[in-house]
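Taking it in order: structure first as structure tokens, then the write-up.
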Amino acid sequence: MFFILKLYREIWYNIIMKKVLSLFKNYKKEIILAPSLKLLEALIDLITPIIVSLIIKKGIEEGDVSYIIKMVILMGGLALIGLVLSISGQFFAAKAAVNYSRDLRSNLFKKLNSLSFSSIDELGVSSIINRMTNDVVIVQNGVNLTLRLFLRSPFIVFGSAICATILYPKLSIIFWISIPVLIIIVYLIMKLSIKGNRIVQERLDDVLNHNRENLTGVRVLRAFTMEEKEIAENEKKVKNLEKRQLIVERISNLLNPLTFLIVNVSIILLIYFGALDVKDNLTDAAIIIALYNYFAQILIELIKMANLVFTITKAITSLKRIAFIMNYDDQEVLVDSKVINDDYLSFNNVSLDYTLDNNDDKDSLNNISFKINKGDKIGIIGGTGSGKTSLVSLILKFYLPTKGQIIYKGKDLLSYKEKDLRDEIGLVMQKPVLFKGTIKSNLEFGKSYSEQEILNALDLACCTDIVQKKEDGINSVVEMAGRNFSGGQKQRLSIARILLRKPEILIFDDSTSALDYQTELSLRHNLNNLTYQPTIFMISQRTSSIEMCDKIIVLDDGKLVGFDTHENLVKNNKIYQEIYYTTVERGDEG
């Protein structure tokens, strides 16, 4: 059917789809065998009405019992062959679909792990999860059904019309009129469904994003008794999704009634005019019965086609959403690696705007400049939203500066490959992440260390007691997301994990916030006495955590308002004074 051929051509020649469709090359055998076997099965189905007409004409009308028996045996044999062909075709279709979806997930996961933080922010975590799960399943079902039916059903439809033309050309005109009408109906419904399914998937993303946000912040919601408000908001979003799904379903549900109507009207016309011709001895009843059987086959195949059209339109929408990520332009930015100066690490008029709209008023960091030496211990402090985490994210190339230049070891930071750069820099986040496994597997994380090295790192991170309390020591189980450890324990284990690597630069993003004062004091002492003397960035909300640093960066609303020692900042910097005296009054200074 031309609309299917047009559809397949559009898919194959669509540049954005090439990367996801190229995965099919691994399953050429299955892709050829599945439709071919189903095509042979369809050929047997086309032969069957002719055999039935012969049984009626030569067997029943002439009373030839032996002929009837031979034809029945032949039909039984063909039915058995058809069953084998059908099962085999479906097996290869399922194999290709399942393996393709597996490769699609793997490649999608690989692509997602190569995306920058800004790209992930732009795509949205909930939308990404929806594409990796729901969209891949929809594509798998689409591939399976397409391989089974995309040749078989059109072959049956047109084959039935051709066989009818051969058997009785006069009445075959009914076939050739009804089939184009059916094709137009299927094409229009498919076209409307594709657009509707895209909107459905977008609204599903919205629902998933809201659910994820609620589950992540469930404690906050309950603390503020906001359950009813969020339930109402969720119902609103679900109803919007339901409304769009109903529109798509209603459009798709028109297919069966309309095809039934056209086919049944055609059958009525066939029987009426056929009966007149039989009465006038222009043909015999066996031919009319064969024609009726062909129409019945067309009806069955059109029902299958309706299911195929609905499934394939959803699959195309999902495949395009997946292809969008696979083709997402997120190439690593690399510039010339020429030596600029002898700075170890310096920021030169650096700004960062997450929205990329070049509006200075929206910059997360604005015109930041400072210079530090190798081995310096640098504190970073400021109010909430002042840009502390944004600043260290630039050092790791999690985000790229929208203005200015960062120098690292005399070269532009953008001249370093992300992998090489991050091998030299260790980051411990405020909300540490532990993975399911053991303490040892979490500490090693991709690189093996001796037991003594692990124990030394645990001691430096002040978490030897955590391991000693566990029956299996460093081989103790870590549950999903480290839920069998407290916040402070996870922070200390994350610090031990970074210390094992011995990176040139250590970044602690408020990663001691869950520690008591005595433990934090011991940890600071251990960090200050590391034998290999790394450069350390210590982000904190408390001046006591950073007062021993060589220099302290003070940020306020994305601007650098201070860069000096603790003593000088206490005397001369208003912002730092406010933070210092506030924490002293609260008793945070110990």
Problem - Lone qualifier among LEU515, LEU523 - being under 24 Å from ARG422 (Cα atoms) and within 43 Å of the chain's Cα centre (by Cα) - result: LEU523
Exercise for the section: Could you please give the count of residues in the stretch 408-430 that are crowded, with 20+ Cβ neighbours inside 10 Å and either β-branched (Val, Ile, Thr) or touching a Pro at 6+ places or on another chain (Cβ under 6 Å) (or both)? Expected result: 3
Exercise for the section: Please specify each residue of the stretch 431-489 satisfying the condition of being loosely packed, with under 13 Cβ neighbours inside 10 Å, closer than 30 Å to THR384 by Cβ and without any contact (Cβ under 8 Å) to a residue 12 or more places away in the chain. Expected result: ARG483
Practice task
For the stretch 547-559, indicate whether the set of residues that are more than 20 Å from LEU345 (Cβ to Cβ) and out of contact with any helix residue (DSSP H, G or I) (no Cβ under 7 Å at 6 or more places or on another chain) is non-empty.
Solution key: yes
Practice task
Considering only residues that are over 20 Å from SER511 (Cα atoms) and without any contact (Cβ under 8 Å) to a residue 40 or more places away in the chain, look in the stretch 528-560 and name the one that is surrounded by the most Cβ atoms within 10 Å (Cβ to Cβ).
Solution key: TYR532
Exercise for the section: Tell me, please, whether a residue that is under 34 Å from the mean Cα position of the chain (by Cα) and of a type in the set (D, E, K, R) can be found in the stretch 390-404. Expected result: yes
Completion exercise
Wholly inside the stretch 41-143, helices (runs of 4 or more DSSP H) that include 3 or more residues that are within 30 Å of GLN201 (Cβ to Cβ), touching a helix residue (DSSP H, G or I) at 6+ places or on another chain (Cβ under 8 Å) and at pLDDT 85 or above are 65-114
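The values are calculated or read from the model by the stated rules, or taken from the named source; none is laboratory data. Keep in mind that this is a model prediction, so the values were computed, not measured. FYI the Cβ positions are ideal-geometry reconstructions off the backbone, even for glycines, and counts take in every protein chain you see.
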